[in-house]
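Asks: Quick one: structure below, then a few questions.
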Amino acid sequence: MTIDRNIYKPFRAKLTDVIEESPQIKTFVLVPEEEFSFNTGQFIELSVDGIGEAPFTPSSSPVVTEKLEVTVMKTGYVTEFMHNLKPGVFMGIRGPYGRGYPVEKFFGKEVLILGGGCGLAPIRSLLYALENVKDKLEKVILCYGSKTPSDCIYKPLFTRLNKIEKFTIQLDSHNFEKVSSI
Ligand SMILES: Cc1cc2nc3c(=O)[nH]c(=O)nc-3n(C[C@H](O)[C@H](O)[C@H](O)COP(=O)(O)OP(=O)(O)OC[C@H]3O[C@@H](n4cnc5c(N)ncnc54)[C@H](O)[C@@H]3O)c2cc1C
């Protein structure tokens, strides 16, 4: 359930941490100055003062409202600038937009998730949401691949989820060795 607010009005959020996931991908931890929530799978418009804005899907848990994480691949003007940002600066957020994943429709079913590279950003949020309702699910299987082992993100998460009954994480062969050695 999202908080009732004007989704077109931007508000500030402080960048408190930048986590390097791979040479091209970083996760930005933001603390919103206003109450903010989203449903897993919804996206936000994130802006950098004087540079521009771009859409991103939060990669954090939808039940955690005091902070928000977005995982961003460096592809062009805004994302390249973002990759050089240091904690302490303020960014702008609008949203959330879109409908999100229909988590309740998965109840009583086996959920198969396919993802690759930075496409895992919205899927991480979904995995957190599914973990919260795992008792209502039959099974969750994630099949994930990346171009090279160094492009494989969220390795500690995979290791943790793999230990939970009902969760199976299947990585492509060149990543499997790397993840299982953590
Ligand atoms: C709903 C939604 C959710 C998204 N969620 C995420 C997410 O969670 N994480 C994430 O990393 N990304 C996500 N994206 C993608 C992200 O929004 C884009 O990567 C971002 O907008 C790129 O902005 P930029 O200014 O860095 O790149 P731009 O500078 O706009 O460049 C984008 C691409 O276009 C090319 N390009 C730019 N200008 C030209 C030109 N003149 N001629 C030819 N090619 C050109 C660039 O080389 C580059 O490949 C999402 C997109 C959508 C729509």
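Asks: Given contacts defined as C-alpha pairs under 8 Å and at least six residues apart, what's the relative contact order of segment 35-165, whole-number percent? Intermediate values should be presented prior to the final figure.
Replies: Numbers: 191 pairs, mean separation 36.6, N = 131.
Normalised by residue count, the contact order of segment 35-165 is 28 percent.
Asks: For THR75 and ILE164 in the same chain, what is the full-extension length gain: residue separation times 0.36 nm, less their Cα-Cα distance, in nm? Numbers along the way, then the final one.
Replies: Working: separation 89, 0.36 × 89 = 32.04 nm, distance 3.44 nm.
Separation in residues times 0.36 nm, less the Cα-Cα distance, equals 28.6 nm.
Asks: So what's the gap between the Cα centers of segment 92-123 and segment 33-70, to the nearest angstrom?
Replies: Segment 92-123 and segment 33-70 have Cα centres separated by 14 Å.
Asks: To continue, here is another question. Report the local net charge at LYS67: Lys and Arg +1, Asp and Glu -1, summed over other residues whose C-beta lies under 10 Å from its C-beta. Don't jump to the answer; show the numbers that get you there.
Replies: Details: positive: LYS14; negative: ASP17, GLU66, GLU69.
Surrounding charge for LYS67 is -2.
Asks: So which chymotrypsin sites (Phe, Trp or Tyr not before Pro) in segment 1-72 are both in a DSSP loop and have at most 14 other Cβ atoms within 10 Å of their Cβ? Display every interim value, and only then the final one.
Replies: On the way: sites: TYR8, PHE11, PHE28, PHE36, PHE38, PHE43, PHE56; in loops: TYR8, PHE36, PHE38.
Loop-located and lightly packed - TYR8.
Asks: Oh, and also: Go ahead and run the numbers for FRET between ASN6 and LYS109, Cβ-Cβ distance against an R0 of 35 Å, rounding to 0.05.
Replies: Values: r = 35 Å, r/R0 = 1.01.
The calculated FRET efficiency here is 0.50.
Asks: Still on this structure, please answer the following. Residue-wise, which Karplus ³J(HN,Hα) couplings in Hz belong to segment 148-154, taking 6.51 cos²θ - 1.76 cosθ + 1.60, θ = phi - 60°, and x for glycine or proline?
Replies: Each residue's phi maps through the Karplus curve to give 9, x, 6, 8, 7, 9, 6 Hz.
Asks: I'm checking a number: the convex hull volume of the Cα atoms of segment 76-182, normalised per residue, in Å³. What is it?
Replies: Values: hull volume 15.4 nm³, N = 107.
It is 144 Å³ per residue.
Asks: Hey, got a sec? Which GluC sites (Glu not before Pro) in segment 61-93 land in a DSSP loop and have at most 16 other Cβ atoms within 10 Å?
Replies: Values: sites: GLU66, GLU69, GLU80; in loops: GLU66.
Answer by residue number: GLU66.
Asks: Using the Cα centre as the reference, give the magnitude of the dipole from point charges on the C-beta atoms of segment 44-90 (Lys, Arg: +1; Asp, Glu: -1; all else neutral), rounded to the nearest 20 debye. Spell out each step's value before the answer.
Replies: Numbers: 3 positive and 6 negative charges, 32 e Å.
Computed charge dipole of segment 44-90: roughly 160 debye.
Asks: Take the alpha carbon atoms of the chain, find their radius of gyration, then divide it by 2.2 N^0.38 Å using N residues; give the quotient. Let's see the in-between values first.
Replies: Details: Rg = 16.4 Å, N = 182, 2.2 N^0.38 = 15.9 Å.
The reported ratio for this selection is 1.03.
Asks: Using the structure shown, select from LYS9/LYS74; LYS86/LYS147; LYS139/LYS163; LYS26/LYS86; LYS14/LYS86 the pairs with a Cα to Cα distance greater than 19 angstrom.
Replies: Numbers: LYS9/LYS74 26 Å; LYS86/LYS147 28 Å; LYS139/LYS163 13 Å; LYS26/LYS86 12 Å; LYS14/LYS86 11 Å.
Beyond 19 Å between Cα atoms: LYS9/LYS74; LYS86/LYS147.
Asks: Further, regarding this structure: Put +1 on the Cβ of each Lys and Arg and -1 on the Cβ of each Asp and Glu in the chain; which of PHE56, GLY88, GLY76 then has its Cα farthest toward the positive end of the dipole?
Replies: Going by the Cα projections, it comes out as PHE56.
Asks: Still on this structure, I have one more. Which whole-Hz couplings ³J(HN,Hα) result when phi for each residue of segment 61-72 is put into the Karplus expression 6.51 cos²θ - 1.76 cosθ + 1.60, θ = phi - 60°, listed in order with x for Gly and Pro?
Replies: These are the phi-based 3J(HN,Hα) values: 6, x, 8, 8, 9, 6, 9, 9, 10, 10, 9, 10 Hz.
Asks: Amide H neighbours of PHE167 under 5 Å, counting only residues 5+ apart in sequence or on other chains, H built in-plane at 1.01 Å?
Replies: VAL140
Asks: Evaluate the charge dipole of segment 1-135 about its Cα centre and quote only its size in Debye, nearest 20, assuming +1 on the Cβ of each Lys and Arg and -1 on the Cβ of each Asp and Glu. The partial results should precede the final answer.
Replies: On the way: 14 positive and 17 negative charges, 37 e Å.
Taking the Cα centre of segment 1-135 as origin, the dipole is about 180 debye.
Asks: Could you give the longest part of the chain that holds none of the trypsin sites (Lys or Arg not before Pro) found in DSSP loops with at most 10 neighbouring Cβ atoms within 10 Å? Can you show the working numbers first?
Replies: Values: sites that count: ARG99, LYS163.
For trypsin sites (Lys or Arg not before Pro) (loop position, at most 10 other Cβ atoms within 10 Å), the longest site-free span of the chain is 1-98.
Since every read-out is calculated from the coordinates, none of them should be taken as a lab result. Worth saying up front: this structure is predicted, and the values here are computed from it rather than measured. Neighbour counts are summed over all protein chains in view; Cβ atoms, including those assigned to glycine, are modelled from backbone coordinates with ideal geometry.
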